[in-house]
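The values are calculated or read from the model by the stated rules, or taken from the named source; none is laboratory data. Note that the structure is a prediction, hence the values are computed from the model and not measured. Here the Cβ is made from the backbone with ideal geometry for all residues, glycine too, and neighbour counts use every protein chain on show. Only protein heavy atoms, including side chains, enter the accessible area calculation; ligands, DNA and RNA are left aside. Shrake-Rupley method; radii C 1.70, N 1.55, O 1.52, S 1.80 Å.
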Amino acid sequence: MRLTLFVHPITDLRLGGETRIEGTALTVGEEELRGALLQDSRLESVAFEVVRAGEHARIGGVFDVIEPRAKQPGDGYDFPGAISPMALAGRGTTHVLRGMTVAVLGEPSGSVIEMSGPWAEWCPFSALHHLVVIPNPRPELPRHMALNARKQAGLRAAAYLARASLGLPPADTEMYESDGPSQPRVEGVPRVAYIAQVHSRQFVAEVDEQILYGHNTTGMVPVVLHPNEWLDGAVLAPNAGLNVLTYHYQNHPILTELYRWQNEGKVALVGTIATMAGGDNFDRDLNCTLAAELTKWALDADAAILTKTGGGAPHADMGYTAKLLEDMGVKTAVMVGPPNLSPERTVESSTLFNYPEVDAIVFNSGGAYFELPAAKVERVVAPSPEAAEALFNLEKLAASRVTGVTSQQGAQRLRALVY
Amino acid sequence: MAQITSVMPVAKMVGANRVIQGNGIVSPVGAPDLPPEEEKKLRERILRQALEALQREADANA
Amino acid sequence: MRVVHYLNQFFAGIGGEEAAGAPPEVRDGAQGPGRLLQQLLGPEAQVTRTLVCGDNYAAENLEQLTAWALDRVREAEADLFVAGPCFEAGRYGVATGALCAAVQQQLGIPAVTGMAEENPGVDLYRKDLYIIDSGTNVTAMREAVSRMASLALRLLAGEEVGPPSEAGYHPRGLIRDAFVEETAAQRLVRMVYAKATGAKYESELRGAVFPKVPAPPPVIDLSRAKVAIVTDGGVVPKGNPDRIQGNAAQNWGAYSIAGIDDLRAEDYEITHGGYDKRYVEEDPDRMVPVDVMRELERQGVVGKVHDQFISTSGLANPIANSRRLGREIAKKLKEDGVDAVILVSA
């Protein structure tokens, strides 16, 4: 299956009367977009702000970050199952507005995009332009409905903006093609699978929480997905965040890196597994066992990379799945961290699993105990004036609070060294 | 030493030799759901296993 | 630079195991490996005193030895304290670790030692000290002392020590943060490729090392053996007379079951907080199986059931601490003539 991205770079972003792209400048037709989003009667109002790369600004209360993308008509639907009818994602052509995001805000406790200052270099979003979407759900709505309304507003805005590029020639084309597990084994070219948790059952998913093709994953066991499905809107960040962003599913650091290696002839990316961290021992054992067996028997992988969402229990699931794979002869590499588990920041408290065979570990640092000074900003965009006020004069910010710094999707460049 | 535990992976991980499966975390050599006579028989079974392990070479136990 | 060096009876040339009871003594100048140490520390350095003590004496009188050693180091106005290297010798390593930690903490001067990974001293003191990885082979003495000397010089100069792989010490388990150019994704793909193709790779985290525990030989004749019951399930006499903590217990207790055929609920309580204790509270034999063990004793299956059971709490107990508890319990049971142990864990 092949996915083609038509990339339209955006170097300037502004609000205006009519939505259009001229060269690499995007004007967002504010009223038109508002009208489209307020078709969801759960929203009372919606506000928009533009924050440009390089501004001395801070965006707070971030709920999710989404790259504007739209399917070429006929090649599927935008964020299928979530805001569109169900259709297989990951094939045909998708138009991408690159160089910007839709940053949808939610509760004030959400993460912070630092556009300047010491964190900016390490925050993946400081170099991008943002259309900040601030949906205001009706106050009487139950929390889960408000969250869903916000998420959908963000997704709809992202698709809407990208549709402005339909019919325009792309500046760049990217192709992602994988023949999946049926491709013949090639001597010296390891068959690699990627196993990602998309949710953790330490948190009970809301009934309308949309994670996998709009499904909330409750009651699910692991499934096999084509790598392109992740890149093309099939998987979304959960309500609780868990250090996962929709933007980094669309631009998945691990999948794009595996594709890069595949293009160089070094590996064969044979497929992926979407799984969930267990809610109890039985759930854990079931999901870990099935994820491992799908990797071995459905994907016929020689090696697998594993990541988790969230914290401690998911970490144990990931370790156990890796151990089961090693027992089956599949070589694994796992990503752990950050070492949040205790303020003393020692290794012993970071290792909730210990299987000698699971010995290829990438160790992320950061978390709540690593802080850098916060930037002096001229402007804060936040879900409410009170939230903005609280975020204006910050002294420092912990890694766990800055959007994209702590990343369970592999975007992280803050490492833990063991001394 | 022979160890009776219900969490075998940990015992194996830290290198214990001669590890016997216990009957549950809350009652390793007990069975509250069984009538007292049966429970005692189960306790004896587990202990005999442990004692047998003591009399065998360590690798005899998986 | 004035250096004080600590050696055990063997490396000081007094004798082997038979001399392990040697009391502490001070000698002038460098002894044994201390000469090499002095040489490798450079012309400015002088090992002015060597403290020597037998391993058994040290193990049995660690507190007094530590106080004595601190006085000697103070007297010598030492700039640096070096102990060992101890290689695999466990009593030596534990004593050395204690001495180095005390010197460092109370005298504020650098302390350096060297041990093999398996040495219990590493586990106990790695977080507090720089312990050079000496390996187990005494023939690698020169390499070990050389690394100890380099590390000591850096500490004295107040220089950054560098990561464990560079400076040759056992990872202390302390986490430091570093911004790097490569994303975690890039490092993951590189690592899994290396592992899948049989190439070398370096994990960013090494799991705690659990060295092999040598299995004692089987009990030849159980019908003549004395068997003791040990538990980490935290069963203690009502009132918890030894105040064994439920969490990260620092101590253990030995409780008499002389003449007792069956543990009664009213006599015991559970200090371990990590499992639902009501079933064991109802009948402590469910964790400490005295009733059945007495039966088996009567039947002649076991020779004798030890008249005490040992208890502590395994909940959230750091590995190094658990190792210490295990060693102490083993020592006591050996003194009591116990041949075998049944350990019942929650």
message: Between C:Arg142 and C:Ile260, what is the label-point separation in nm under the 7 Å Cα-to-beta-carbon projection?
response: 6.1 nm
field: Within straight-line cross-link reach of A:Lys396, lysines at Cα separation under 21 Å, skipping those fewer than 8 residues along the same chain
entry: A:Lys376
task: May I ask you to derive the relative contact order of the stretch A:1-141, considering only C-alpha pairs under 8 Å and at least 6 residues apart, and to give it as an integer percent?
output: 32 percent
query: Equivalent-ellipsoid semi-axes (√(5λ), Cα gyration tensor) for the stretch A:1-53, whole Å, largest first?
result: 24, 18, 10
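How big is the antiparallel share of DSSP beta bridges in the stretch A:1-70, given as a percent to the nearest 5? Spell out each step's value before the answer.
Numbers: 3 of 8 bridges.
Bridges in the stretch A:1-70 are about 40 percent antiparallel.
Please compute the net charge surrounding A:Val380, taking Lys and Arg as +1 and Asp and Glu as -1 over other residues with Cβ under 12 Å from its Cβ. Provide the component values of the computation, followed by the final result.
On the way: positive: A:Arg58, A:Lys376, A:Arg379; negative: A:Glu49, A:Glu55, A:Glu114, A:Glu378, A:Glu386, A:Glu389.
The answer is -3.
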message: Could you tell me the ratio Rg/Rh of the stretch A:1-105? Both radii from Cα atoms, Rh via Kirkwood.
response: 0.97
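Dividing the Cα radius of gyration by the Kirkwood radius, what Rg/Rh value follows for the stretch C:252-346? Walk me through the numbers on the way to the answer.
On the way: Rg = 13.9 Å, Rh = 14.4 Å.
Over the Cα atoms of the stretch C:252-346, Rg/Rh equals 0.96.
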message: Over the Cα atoms of the stretch A:213-258, each weighted equally, I'd like the Debye log10 I(q)/I(0) at q = 0.14, 0.20, 0.31, 0.32 Å⁻¹, rounded to two decimals.
response: -0.35, -0.71, -1.26, -1.27
- request: Count the net charge of all other residues whose Cβ sits under 11 Å from the Cβ of A:Arg98, scoring Lys and Arg as +1 and Asp and Glu as -1.
  value: -2
- request: State the dimensionless ratio Rg/Rh of chain A (Rg: radius of gyration of Cα atoms; Rh: Kirkwood radius).
  value: 0.95
message: Run the simple label-point estimate for B:Lys12 and C:Leu174 please: 7 Å along Cα→C-beta, distance reported in nm.
response: 3.6 nm
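Would you list A:Asp64, A:Asp359 from the most to the least accessible area, probe 1.4 Å?
Numbers: A:Asp64 0, A:Asp359 60 Å².
Greatest to least solvent exposure: A:Asp359, A:Asp64.
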- request: Evaluate the distance, in nm, between pseudo-label points positioned 7 Å from the Cα of C:Glu282 and of A:Glu22 along their respective Cα→Cβ axes.
  value: 8.1 nm
statement: Long-range amide H partners of A:Gly61, meaning residues 5 or more apart or on another chain whose placed amide H is closer than 5 Å, are A:Gly110, A:Ser111
query: Where is the GNM fluctuation largest for chain C (alpha-carbon springs, 10 angstrom cutoff): C:Ala265, C:Ala22, C:Ala167?
result: C:Ala265
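When a/c is below 1.5 the answer is rounded, else prolate if a/b is larger than b/c, else oblate, so apply that to the stretch A:232-300 with a ≥ b ≥ c taken from the square roots of the Cα gyration tensor eigenvalues.
Oblate, because a/c is 1.5 or more while a/b does not exceed b/c.
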- request: Check cross-link reach from B:Lys12 to the aspartates and glutamates: straight Cα distance under 14 Å, and skip same-chain residues fewer than eight apart.
  value: A:Glu357, B:Asp59
query: What angle, in degrees between 0 and 90 and rounded to the nearest 10, separates the Cα long axis of helix A:253-263 from the longest principal axis of the Cα atoms of chain A?
result: 60 degrees
query: Whose amide H sits under 5 Å from the amide H of B:Gln55, counting only residues 5 or more places off or on another chain, with H placed in the peptide plane?
result: C:Val219
message: Expected output is a single nm value to one decimal: the length gained when fully extending between C:Gln299 and C:Glu75, i.e. 0.36 nm times separation in residues minus the C-alpha distance. What is it?
response: 74.2 nm
query: For chain C, modelled as a GNM with alpha-carbon contacts under 10 angstrom, which of C:Ala144, C:Ala101, C:Ala19 fluctuates the most?
result: C:Ala19
message: I need the Debye-formula profile for the stretch A:269-349: one equal scatterer per C-alpha, no solvent, reported as log10 I(q)/I(0) at q = 0.16, 0.23 1/Å, two decimals.
response: -0.59, -1.06
task: Could you work out, residue by residue across A:363-370, how many beta carbons of other chains sit within 10 Å of that residue's beta carbon, and then give the average as an integer?
output: 3
field: Contact order normalised by residue count of chain A, Cα under 8 Å, 6+ apart, percent
entry: 19 percent
query: Any idea which of A:Val267, C:Pro218, A:Gly29 is furthest toward the positive side of the dipole for the protein assembly as shown, if Lys and Arg beta-carbons carry +1 and Asp and Glu beta-carbons -1?
result: A:Val267
- prompt: Which of C:Lys277/C:Lys304; A:Lys151/C:Lys195; A:Lys266/C:Lys127; C:Lys127/C:Lys277; A:Lys331/C:Lys277; A:Lys323/B:Lys41 have a Cα-Cα distance over 31 Å?
  reply: A:Lys151/C:Lys195; A:Lys266/C:Lys127; C:Lys127/C:Lys277; A:Lys331/C:Lys277; A:Lys323/B:Lys41
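Please report the antiparallel percentage of DSSP beta bridges with both residues in the stretch C:63-179, rounded to the nearest 5. Write down the numbers at each step before the final one.
On the way: 1 of 8 bridges.
Within the stretch C:63-179, antiparallel bridges account for around 10 percent of the total.
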- request: May I ask you to order A:279-290, C:227-238 by the average number of other C-beta atoms within 10 Å around their residues, highest value first?
  value: C:227-238, A:279-290
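Considering only the protein assembly as shown, what is the antiparallel percent among its DSSP beta bridges, to the nearest 5?
About 40 percent, rounded to the nearest 5.
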Note, ³J(HN,Hα) from phi for the stretch A:284-294, Karplus 6.51, -1.76, 1.60, rounded to Hz, x at Gly and Pro: 4, 4, 5, 5, 5, 5, 5, 4, 5, 6, 5
query: Using the eigenvalues of the Cα gyration tensor, what equivalent ellipsoid semi-axes result for the stretch A:315-419 when each is taken as the square root of five times the eigenvalue, whole Å, largest first?
result: 35, 14, 11
Cα-based equivalent ellipsoid, the protein assembly as shown: semi-axes from gyration tensor eigenvalues, Å: 56, 35, 25
Amide H contacts of C:His306 (H built 1.01 Å from N, under 5 Å, at least 5 apart or other chain): C:Val227, C:Ala228, C:Ile229
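Could you calculate the FRET efficiency of A:Ser182 with C:Glu181 from 1/(1 + (r/R0)^6), where r is the beta carbon distance between them and R0 is 41 Å, rounded to 0.05?
Details: r = 37 Å, r/R0 = 0.90.
Efficiency computed from Cβ-Cβ geometry: 0.65.
So for A:Leu212, C:Leu62, what's the accessible-area order with a 1.4 Å probe, most first? Each step should come with its number before you reach the end.
On the way: A:Leu212 15, C:Leu62 45 Å².
Listed by decreasing accessible area, they come as C:Leu62, A:Leu212.
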- request: Let me see the pair-distance distribution of chain C: every alpha carbon pair, 20 Å bin width, integer percents in order.
  value: 26, 45, 28, 2
- line: Computed from every Cα-Cα pair in the stretch C:154-284, P(r) in 10 Å bins starting at 0 and rounded to whole percents is 8, 20, 19, 18, 19, 14, 2
message: Please list 3J(HN,Hα) in residue order for the stretch A:327-339, calculated via the Karplus relation 6.51 cos²θ - 1.76 cosθ + 1.60 where θ = phi - 60°; whole Hz, with x for glycine and proline.
response: 4, 8, x, 9, 7, 10, 10, 10, 10, 10, x, x, x
field: Solvent-accessible area, 1.4 Å probe, carbon plus sulfur percent, for chain A
entry: 53 percent
Shape category assigned to the stretch A:233-385 from the gyration tensor of Cα positions, a/c cut at 1.5: prolate
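If I stretch the segment between A:His144 and A:Met1 completely, what's the gain in nm (0.36 nm per residue apart, minus their alpha carbon distance), one decimal? Can you show the working numbers first?
Working: separation 143, 0.36 × 143 = 51.48 nm, distance 3.53 nm.
Separation in residues times 0.36 nm, less the Cα-Cα distance, equals 48.0 nm.
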message: Summing both sides, how much accessible area is buried between B and C? Use a 1.4 Å probe and give Å² to the nearest 100.
response: 2800 Å²
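Shape call for the stretch C:205-278 from the C-alpha gyration tensor, a ≥ b ≥ c root eigenvalues: rounded (a/c under 1.5), prolate (a/b greater than b/c) or oblate?
Working: a/c = 2.54, a/b = 1.11, b/c = 2.29.
In terms of gyration-tensor shape, oblate.
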task: Round to the nearest 10 and give me the degree value, 0 to 90, for the angle of helix A:143-163's Cα axis relative to the longest principal axis of chain A.
output: 80 degrees
statement: Note: A:295-302 gets an average of partner chain Cβ contacts (10 Å, Cβ to Cβ) equal to 1
